[in-house]
Amino acid sequence: MSFCNQVHFFAGVCAGADAAKGWLDQHPGARVLPVADAYDVERPLIEQIRSGTAETGCC
């Protein structure tokens, strides 16, 4: 199984948008979510992928 190549995990001394600031500066319109929130957002899509009912394509 694969996932969108625009999903990134930022960790370090800083948290959230601070850790991703450089990437966000280069990707207007992107947003940063805590892992738990991202899980809630993407879970329905992953369930569709696993069941074979997802539309093709990404993002």
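Tabulated data for the structure shown
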read-out	value
Where a residue in the range 25-54 is in contact (Cβ under 8 Å) with a residue 12 or more places away in the chain and more than 15 Å from VAL7 (Cα to Cα) and its partner, wherever it lies, is aliphatic (A, V, I, L, M) and outside any loop (DSSP other than H, G, I, E, B), with Cβ under 6 Å and at least six apart	none
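Yes or no, residue by residue, for (1) modelled with pLDDT under 85; (2) surrounded by 11 or more Cβ atoms within 10 Å (Cβ to Cβ):
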position	(1), (2)
ASN5	yes, no
ALA15	yes, yes
ASP18	yes, yes
GLY22	no, no
PRO28	no, no
LEU33	yes, yes
VAL41	yes, no
PRO44	no, no
GLU47	no, yes
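The values are calculated or read from the model by the stated rules, or taken from the named source; none is laboratory data. Worth saying up front: this structure is predicted, and the values here are computed from it rather than measured. Glycine gets a Cβ as well: all are built from the backbone with ideal geometry, and neighbour counts include every protein chain shown.
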